[in-house]
Amino acid sequence: MHSSDSGGLYRDSITAMCADICSTRLPLFILCPNGRTNSGLNRDRWIQNVFPSQTTIPSKIKNFYIFIGQLMGMAIQTKNLLNLQFPSLLWKPLVRQSVTVEDIEDIDMQSFTTINELEKRVKQTKTMNTSVTADSEEKYTDNINFLFDSIMSELHFGIVGSNMQTYELVPNGSTIPITVANHKEYCLKYCEYRLQEFNKQVNYIRQGLYSVVSWPMLALYTPSELEEVVCGKPITDVDLLKQQTEYRCSTDHHNAPYIKRFWTVLKGKLDEDQKNYF
């Protein structure tokens with residue numbers, strides 16, 4: 001083995017481990033849905049692989065997750081930063097903060113489309129029947145039944161997970177249709193699954209991290225601060241961004257004075273807020 005950087009063999013081994021962690025070479029993490037569909041934000045983020053709630057994570061995988069937590073702890077103590085592309089839904093639980101709907105949508109812009117559309121249609125149906133007469137009540141009943149019997153007839157108590165596999169939200173959920181009577185339960189189960197999809201995996205990572213760095217110390221960090229001490233500040237390569245930019249205005253656009261000024265200003269004044277543009 002030949003060392004290729006100034007950090008030597010140790011740094012090379014850490015770099016290689018991080019490359020394997022954020023890849024499909026190990027069954028630990030998968031590219032987030034936005035990355036797989038090439039849409040939305042955070043397309044370069046890797047999320048924990050999905051293990052159904054009714055199954056046990058294999059011991060080998062469990063130990064890998066614990067090791068990753070220990071690797072994070074080592075990075076904090078030694079200041080040897082890790083090149084790990086994880087989203088907020090992993091960093092938040094490590095400092096005992098709850099994952100939110102927004103965190104899920106940050107890496108899967110379609111994650112709540114189904115129930116949002118369901119709730120929207122139910123609300124629209126109710127709005128169409130605002131009076132309280134007997135006729136309006138009967139009309140509302142007809143409309144809401146039509147909504148579930150026709151438009152929503154293909155929905156069942158199942159969900160497509162972050163790994164694009166379908167899972168049942170309740171026992172035999174694939175045979176239970178969504179109805180007027182149970183649609184609220186369906187929405188609740190759907191949200192619960194999304195918000196808790198990675199709980200088991202992150203618990204093992206947290207176990208490894210806490211075995212190296214104590215909780216009282218970690219309690220001082222916000223999720224973004226923890227990511228920074230483990231991975232360092234994100235760096236935007238303006239030259240690479242410039243090379244990959246496509247112009248649609250005119251010919252020889254990259255040599256236009258205003259384009260040159262843009263890149264000069266951007267390169268000189270890039271800060272954390274500007275990084276969010278990309």
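Nothing in this text is a laboratory measurement; each read-out follows from the coordinates by a stated rule. Predicted model only: the values in this text are computed from it and were never measured. Here the Cβ positions follow ideal geometry from the backbone for every residue, glycine too, while neighbour counts run over all protein chains shown.
Structural remarks
- The length gained on full extension between SER224 and GLN165, counted as 0.36 nm times the residue separation minus their Cα-Cα distance, comes to 18.2 nm.
- Of LYS62/LYS242; LYS60/LYS92; LYS60/LYS120; LYS92/LYS189, those spanning more than 32 Å from alpha-carbon to alpha-carbon: LYS62/LYS242; LYS60/LYS120
- Put simply, the amide H of PHE112, placed in the peptide plane, has no neighbours under 5 Å, leaving out anything fewer than 5 places away on its chain.
- Distance between the modelled labels on THR37 and ASN172, one decimal in nanometres: 3.2 nm (7 Å Cα→Cβ projection).
- Packing-based order for 218-224, 54-60, using average beta carbon neighbours within 10 Å, highest first: 218-224, 54-60
- Spacing of the modelled spin labels on SER13 and LEU188, each 7 Å from Cα toward Cβ, amounts to 5.1 nm.
- Sum of side-chain charges, TYR221 neighbourhood, beta-carbon under 12 Å (Lys, Arg +1; Asp, Glu -1): -1
- Summing Lys and Arg as +1 and Asp and Glu as -1 over all other residues whose Cβ lies under 14 Å from the Cβ of GLN196 gives a net charge of +1.
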